[in-house]
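Below: the structure, in structure tokens.
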Amino acid sequence: MSTDTPILSIKNIEVLYSRVISALHGVSIEVQKGEVVSLLGANGAGKTTTCKAVSRLLEAERGEVSKGSIEYNGVDIKTMSPYDMVKAGVVQVLEGRHIFGHLTVEENLLTGSFIRNADSASVKRDLEYVYSRFNRIKDRRKNLGGLCSGGEQQMVAMGRAMMAKPNLILLDEPSMGLAPQLIEEIFEIVKTLNEEDGVSFLVSEQNANIALKYAKIGYIIENGRVVLKGSAKELSESDSVKEMYMGGGGDEVSFSDVKYYHRRRPCMV
Amino acid sequence: MYYREAGRLVKSFADDRRMLPLKEDRLLSTLFVVGVMYILVTAFASDYLLSAIFIPMMVLGVATLGLNIATGYTGQLSLGTAGFMSFGAFAAFNLVLRVDWMYIPLAFFLAGVIAGLVGIVFGLPALRIKGFYLIVSTLAAQFFSEWIFNAYPWFLNYTTSGVVNLPPFHYRVFPFQELTPLNDAFWHSSRGRYLITLTITIALIVACKNMVRSSTGRNWMAVRDMDIAANVIGISVAKTKLMAFFVSTFYCGVAGAMYSYCYIGNLDFMIFNLRRSFLVMFMVIVGGLGSILGSFLGAIFVYGWPILITRLGDWIFGGGTLDTAFVENNSKIVVGTIIIVLLIREPGGFAALWNTTKQKLRVWPFSK
Amino acid sequence: MWEWLPFFLEVLVGGLLSGVMYSLVAIGFVLIYKSSGVFNFAQGTMLLLAALTFVSMTERQVNFWVAFSITLVLMVALGIIVERTVMRPLANQSLLSLFMATVGLNYFLEGLAQGVWDSAVHGVDLGISNDPIFLIEKFPNLGLDIIISQFDIAAAVIAGSMILGLTLFFQYTRTGLSLRAVSDDHMAAMAVGIPLNRIWAIVWAVTGVICLIAGLLWGDRVSVSFTLTAAVLKGLPVILIGGLTSIPGAIVGGLIIGASEKLGEIYLAEYFGGQGIEHWWAYTTALIFLMIRPTGIFGEKEIERV
């Protein structure tokens, strides 16, 4: 696997907002085809910025990738627009769902299919397929998106992304504001989509427990820098990760000891 | 600039609160106002320069400042500037006409107050209506003023032509001043009108600067940036908005009075139309939202551009070749383009350009 | 006791019919505001530009339909150019800056329209008869002795079908759905690959077409000259009453303003010195509505959070 070109390879990027505020400085991430990679970090660590750098939505917020490069299937995406990215098969599911509140659930899903210019028969097939994956929203197809519950909205957002038939989904904080049970359900769907439909995922999460349970590789990002990388197993057994992201693990540790990895150089991939 | 701004320590609160903290700034601005504006210009400028360049630019600058207080500082979009100006102009006219002992500075002040009260009335909807919906109120003020001065001839003292020439009416510039032909001749001349305009303009600038850097102005800006947040920290949004409308229309009212008395010398409700409101709005945009200096730079540019084009045309192609329609269309295209380009490149207008230049001059030639 | 009724109805119907024309102007506004948050002040001048271009061509003996098609193409092109050169660089700026940009655009187009063509007064003849209809002759059994302008009816029918067409377009086509998605949430629309710029360009182009139709109708009614830009001032209270984001609002607002303007002119003007109160009356009506509903009748309530 590792000899193939990775589907996504972020090489040491730096991101500036409004040309002055530095949000990322040295983030390198690699996603192999068919992998679920999780990106862990606290609020403001730079998870969302990383996702937006890949989906090119950064420019709408006056941000830019000032250094480093991002390659999708070995092609530099520097000059591509968000539209091009979706067309090429990279869809971001935004943090906080962002579904179209005044459109019905079905219309929400339809907007995802526009990119492919598909004929109505195949769109209909895709709709049925999405409903089969997310059967919770099937009964709500005629409801306004804004009136759905948080979990349903998350599913609508993911279903909308699936309508574009992506190769890579950037899933930004799917667990935000959801009950533990629902989070489990969402991640089960991620697993199905990954295993049966071959979609690769880059999942940004604060909830390290669940993210590492479903991911193969994990990255930990802190203050705009990747500070730790490893297989999900390694990370979930690492003491510092346990301490910082999983709510305690073993004995009380002195604060200065925990932060030992801060002083290391950002890891290069 | 060419004197050091760094390393000046303030040792008292009074020093800290000075309008111009640097000695050199104070010296230069005094020199400019007294030496250039009062002495040099008054002594040497021709009648044309005074009455067609200096006076209108200052008058329009004051109107722009008025709109800037509402729009730039408080964030309340207003399209009724010319309407508010006409309230001031008509108030001043009727005060001078009907009150025997009235003199000009007081008349202008009261005209401003009357316009300000009108402004409060049309500002009242701002307490409930926000954003673009508010332009309905100021446009209502604009059309209402255009209509009322036309429909009720009392305001124009029943003049049949609809236009009153002002100079034939005597006016006092100081209280209890005697109305002698000599006095009249001086104060009705372009020099006299220039001095009146200049003095009032400077007084209004100083007043505005002080309002803006005190709690009044800070409240305005807080309401502009987010009125709910301002409310939460204990600023009365209603009071602040109405205050801003009052001050804004006060300035517009005084500008209107000066416009008719000092600049065009007659009173005509047709002049204060919607187009003039927009002209003033352009001055605000071009000059820079929320800037006193910008208000005047904007007024100078938007008013001066057509004149410059005409002059240039006369100079290059010989006198009178460019017809007025061409100049008008051309200046519309240019001003329109400049507004769009400025909004894209430098949303702060000329005032921001000035600040950038100043910043560059500070470090020039050691860095750029 | 009911002898005032026919006259009242006549005034009311006249007002409602002219209200449809106001709605037509207002819809262009709503489309652009809904999709991009831009309060397009240049609407009136685009109207003038379209009508002036058309008239100048027909006056030079160009065939009606040829002139119409050329103007149509030009207006669509104008819409796309405006999106490219003005709106795209200003994306993500404050609403006030965007509004001011359209004020600048308004000034620019005004200079352009009159610079390229001229500022004389032109007449347009769309070939619609201007004869009044006496309702009692056509439908004697209604028993109403009302005169209705035939032109007003034709104009209202054209405007009404435009509005209907647009509504269907935005309800049932992909572009329409994309547009509604964009107006709901820019970021999400971009995330699913809806090209914002293309949608904006379409909206501006459609507005250009609306301007052409409205410009011709208004031009036939009041002549093509600089005063045509005042159409924007008629459209303003309409959309403000209806709510800036609602197409049905534009229609209802147009009817309300049209009716109240005519009724006010007939029944109220005498108490106000008898001279044209219609300018500020429309705005006062709008103000009264807004005091009750600050975001118009159908406008979306803004949810503000600190």
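The values are calculated or read from the model by the stated rules, or taken from the named source; none is laboratory data. Here the structure is a predicted model, which means the values were calculated and not measured. Cβ coordinates were reconstructed from backbone atoms using ideal geometry, including for glycine residues, and neighbour counts include every protein chain displayed. SASA here: full protein model, heavy atoms, side chains in, ligands and nucleic acids out. Shrake-Rupley method; radii C 1.70, N 1.55, O 1.52, S 1.80 Å.
Couple of notes before you dig in:
- Where chain C is the region considered: accessible area per residue in Å², 1.4 Å probe: 41
- When the Cα positions of B:Leu97, B:Trp305, A:Phe114 are compared along the charge dipole of the protein assembly as shown, B:Trp305 comes out farthest toward the positive end, with charges on each C-beta of Lys, Arg, Asp and Glu.
- Efficiency of FRET from Cβ geometry, B:Leu27 and B:Val99, R₀ 41 Å, rounded to 0.05: 0.50
- Pairs from the table (A:Lys138/A:Lys216; B:Lys11/B:Lys360; A:Lys138/C:Lys34; A:Lys216/A:Lys242; A:Lys213/A:Lys233; A:Lys11/A:Lys213) lying more than 19 angstrom apart at Cα are A:Lys138/A:Lys216; B:Lys11/B:Lys360; A:Lys138/C:Lys34; A:Lys11/A:Lys213.
- Interchain or long-range residues, amide H under 5 Å from B:Val163's placed H: none
- Sequence of C:Glu265, A:Glu222, A:Glu185 from largest to smallest accessible area, 1.4 Å probe: C:Glu265, A:Glu185, A:Glu222
- Note on B:Glu328: accessible area is roughly 100 Å² with a 1.4 Å probe, heavy atoms of protein only.
- For the range A:96-118, a drop of 30 Å² or more in accessible area on going from the chain alone to the assembled protein chains (1.4 Å probe) is found at A:His98, A:Phe100, A:His102, A:Leu103, A:Glu107, A:Thr111, A:Phe114.
- Heavy-atom accessible area ranking, 1.4 Å probe, most first, across B:Met243, B:Met281: B:Met243, B:Met281
- Interface burial for C against B (accessible surface, 1.4 Å probe, total of both chains, Å², rounded to 100): 4200
- Distance between the modelled labels on A:Thr192 and A:Lys233, one decimal in nanometres: 2.8 nm (7 Å Cα→Cβ projection).
- Spatially proximal aspartates and glutamates relative to A:Lys142 (Cα-Cα < 16 Å; intrachain offsets below 8 disregarded): A:Glu106, A:Glu107, A:Glu128, A:Glu152
- Accessible surface of the protein assembly as shown [probe 1.4 Å, protein heavy atoms]: carbon and sulfur percent: 62
- Accessible area buried by the pairing of C and A, both sides summed with a 1.4 Å probe, works out to roughly 2100 Å².
- Heavy-atom SASA rank of B:Arg4, B:Arg98 (probe 1.4 Å, accessible area, largest first): B:Arg4, B:Arg98
- Compactness of chain B was expressed as the Cα radius of gyration divided by 2.2 N^0.38 Å, which yields 1.03.
- Distance between the modelled labels on B:Val121 and A:Asp4, one decimal in nanometres: 7.7 nm (7 Å Cα→Cβ projection).
- Inter-part distance where the range B:1-80 and the range A:122-167 are each reduced to a Cα centre, Å: 62
- Alpha-carbon centroids, the range A:177-214 and the range B:227-295: separation in whole Å: 57
- DSSP-loop GluC sites (Glu not before Pro) across the range C:73-176, with at most 13 other Cβ within 10 angstrom: none
- Chain B, relative contact order [Cα under 8 Å, separation at least 6], %: 29
- Residue-normalised accessible area of chain A, expressed per residue, 1.4 Å probe, Å²: 44
- A:Leu94 - accessible surface, heavy atoms, 1.4 Å probe, Å² rounded to 10: 10
- Virtual paramagnetic centre 7 Å along Cα→Cβ of B:Ala43, amide N under 18 Å, in the range B:201-220: none
- Where chymotrypsin sites (Phe, Trp or Tyr not before Pro) fall in DSSP loop in the range B:1-110, at most 16 other Cβ within 10 Å: B:Tyr2, B:Tyr3, B:Trp101
- Sequence-separation-based contact order of chain C, relative, with Cα cut under 8 Å and 6+ spacing, percent: 35
- Here the protein assembly as shown is treated as a Stokes sphere of Kirkwood radius computed over C-alpha pairs; at 10 °C and 1.306 mPa s its diffusion coefficient rounds to 50 µm²/s.
- Applied to the range B:16-23, the Karplus parametrisation 6.51 cos²θ - 1.76 cosθ + 1.60 on θ = phi - 60° returns per-residue 3J(HN,Hα) values of 5, 8, 5, 5, 10, x, 9, 4 Hz, with x for Gly and Pro.
- A 1.4 Å probe run over the protein chains yields, for chain B, 46 Å² of accessible area per residue, whole-number rounding.
- Legend: residue pairs B:Lys23/B:Lys358; B:Lys239/B:Lys358; B:Lys332/C:Lys262; B:Lys130/B:Lys239; B:Lys130/C:Lys234; A:Lys52/A:Lys165, Cα-Cα distance threshold 25 Å; pairs beyond threshold, B:Lys239/B:Lys358; B:Lys332/C:Lys262.
- Averaging Cα coordinates gives a centre for the range B:105-124 and one for the range A:4-39; these two points are 60 Å apart.
- Accessible area per residue was computed with a 1.4 Å probe on protein heavy atoms; A:Arg140 scores about 70 Å².
- Contour excess over end-to-end distance, with Cα ends at A:Thr79 and A:Asn143 and 0.36 nm allotted per residue: 19.2 nm
- Note on B:Val10 and B:Gln359: with the Förster distance fixed at 22 Å, the Cβ-Cβ geometry gives a FRET efficiency of about 0.50.
- Note on B:Arg345 and B:Leu312: the model spin-label points, each 7 Å out from Cα along the C-beta direction, lie 1.5 nm apart.
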